[in-house]
Amino acid sequence: MTVRWATAVFYALWVAGAGLIIVTWLAWCSHRLKERRRRRIVLGPSRTEAAGVSLKEIPVVRKLADDMEIAEIKAPVEAVAGAMLFIGVIGWFAVNGMVSGLRERFALDADKMIPTNTWLLNGFIAILIGSLPYFYVKFRLQRKRHRIALDMIKLVQNMIAHYSVGRTVQDIIARSSPTMPDHVRSEWKLLELQSHMRYSLEDALYEFARRVDNVWAEDLADILLIKHKYGNDVIDSLHKLVIDMQTARKNEEKRLAMVTVYRIGTVVMIAFAFFIVFFNIYADGMNYRHYFVNPMGKLALMISSAVMFVSMVMVVRSGRKTF
C-alpha cells in the first residue's frame, strides 16, 4: 500500500510540474504570437515568416489557428495545443490507474500475479481523450459556418438593397457592412478590410468564400468579380442566387438536423462504451481477464477506441458540406 501511494504521489507531482512548465511556455508563446500577429496585420508578413520560420507556418498549427479565428474562439492556438497534450498525458495515467484499481478490486488472485501491459491501450485512449479540444474547435467552427450558411440569403438580399449600377463593388461591400446579419458580420467586415489593404478585391472575395466554406459564397464572389472586372449589371444574377438558395435551404435544414443527431449520438456512444466496460467488470470480476489479460480482449478495446476516434472524425467530415 505504501509503495502504491508513493507512486501516486510521484505521478501527481510529475503532472503538476509538467503543467507548470506547459502553462509558462504557453504564456510566453501567446505573448510572442500576439505581437507577431499585430505586426503582420499592420506591416504584412516578415521575412522570416515568408521563409517559413514562423510557428504558424506549420500546416497543422496554421490550420487550427485559422479555424479558431473563424469560430471566434478567443483562446490562443498554443492553449488548445497545450490542452491537447496535457489532457492526453492525464488520460494516459488515468487509464493506467483505473486498470490497476480494477485489478486490485475485481481481478482473481491468479490474475493479480500477471503483469498487465496496457501501453497500447493507454496510447489509444490518450489520443482519443487528448483530441477532444481539437474536436471542440471543429464543432464550434461547424456551428459558425452553418449559421453563416443559413444567413446567406439575408446577406445577398442586403447587398441587393445597397446595389447600384454606378457603385463599385468596394462601395457596395462597405455600404452593406453595417446591416449584415449577426453571424456573418465579422467575416464581412474582414472582407471589407482586406479589400482596401494588402489584398486585391479578387483575393479578398475568394478568401471570404474559403473562410465561410460555402458554395453560395463562391457563387457570390464570382458574380461580384464579373461586375468588378467588366462593369456588368449583375442585379439579375443576385436575384437568381437568392431564389436558388431559398430552394436549397429546406433540404439543408433537414441535413443539419441529422448532423446534430449524429454528433450527439457519437458522443453518447463514446461515453456509453466506457461505461459498459467498467459496468461489466463491476458486475463480474471474471470480465477483467477478458478485457485486460486476454490478448483478444485487449485488441477489441484498442479497435473500439480507434473506431470511436474515426467516428468523431466522420462527424466533423459530415458537417463540412453546406447548401
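FYI, it's all coordinate maths here, none of it is from the lab. Computed from a prediction, not measured in an experiment: that's the story for all the values here. For neighbour counting, all protein chains shown are included, and Cβ atoms are generated from backbone atoms with ideal geometry for every residue, glycine included.
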Problem - Cross-link table 144/189; 154/227; 63/154; 63/138; 63/144; 144/227, entries beyond 22 Å C-alpha to C-alpha - result: 63/154; 144/227
Practice task
Check the straight Cα-Cα distances from residue 250 and name the aspartates and glutamates below 15 Å, setting aside those fewer than 8 residues away within the same chain.
Solution key: 151
Exercise for the section: May I ask you to derive the FRET efficiency for residue 164 and residue 290 from their Cβ-Cβ distance with R0 = 45 Å, giving the value to the nearest 0.05? Expected result: 0.05
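Can you check what the net charge comes to around residue 282, using other residues whose Cβ is under 15 Å from the Cβ of residue 282 (Lys, Arg +1; Asp, Glu -1)?
Every neighbour counted, the sum reads +1.
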